[in-house]
Amino acid sequence: MRVIISCGCLSAVTFLLVACTTLSYSSPESVDLSGTWLVDESLSERVMMRPPRDSKQRGDRDGGSKPRKRTRPEGGGGMRSSESGGPAGRYDVDDYTAAQVLTPAAANSSELMIEHVPESMGIRYQNGKYRDIDWGKTAQGNRKMTAGWQGPKLIIETSARRGAITETFSLNETRNTLTIVYDVNGNEFVRVYRRLSKS
């Protein structure tokens, strides 16, 4: 938009409005997503997405790094990972080394066990898979992820060759309902969870 200002002479001022997403990498003290959450099927949609095919980034199936221990500052009760995690008695190394990857099974999980600490969040899904998310920007191969906060909402943006996914986590006023909105390449899906317990 061009604005002409007259003050004895004419000058042109051009205004450029740019919309962008600004995320904070500090977790709000008023928000705690920790707990066990069960899906409300009557209010939830099935998330339609395709699993990532970046097999080169998935780590060594025979070894790989084990999940790091997650701890809260003194006084908290953070999730502590163990080598025997998951119903099969071990973590899925494949999923952990590409921990930020959101799979269809994870997006459509009927149960979430979330550990939320100031600097990050861990999610264990009903099938025993574990996902670790640190606030900030990360990159792995051609996959880039940004996780941060817009007020009380957690937003995770992931982009790769096959498209982009944005996850938005928000609590209701009474903190007993968690809504996750998935934007998958422009298609939006909603999942609603009820808090079963708080860790």
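The values are calculated or read from the model by the stated rules, or taken from the named source; none is laboratory data. Bear in mind the structure is a predicted one, so any value in this text is a computation, not a measurement. Here the Cβ is made from the backbone with ideal geometry for all residues, glycine too, and neighbour counts use every protein chain on show. Just the protein is used for accessible areas: all its heavy atoms, side chains included, with ligands, DNA and RNA removed. Shrake-Rupley method; radii C 1.70, N 1.55, O 1.52, S 1.80 Å.
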Query - Selected residue (only one of ARG131, ARG162, ARG175, ARG191 is open to solvent by 20 Å² or more (accessible area, probe 1.4 Å) and within 24 Å of ASP40 (Cα to Cα)) - result: ARG175
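Of PRO104, PRO118, which residue is under 21 Å from LYS198 (Cβ atoms) and either open to solvent by 30 Å² or more (accessible area, probe 1.4 Å) or not hydrophobic (A, V, I, L, M, F, W, C) (or both)?
Working: PRO104 fails: under 21 Å from LYS198 (Cβ atoms).
After ruling out the rest, the residue left standing is PRO118.
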Query raised in the report: What are the pairs, 6+ residues apart or on separate chains, where a residue within the range 113-135 that is of a type in the set (D, E, K, R) has its Cβ under 7 Å from a residue that is open to solvent by 10 Å² or more (accessible area, probe 1.4 Å) and in a strand (DSSP E or B)?
Result: GLU119/ASP134; ARG124/MET113; ARG124/TYR130
Report summary line: Taking the range 137-158 and the residues there that are surrounded by fewer than 15 Cβ atoms within 10 Å (Cβ to Cβ), part of a strand (DSSP E or B) and not basic (Lys, Arg), the one that is modelled with the lowest pLDDT would be ALA139
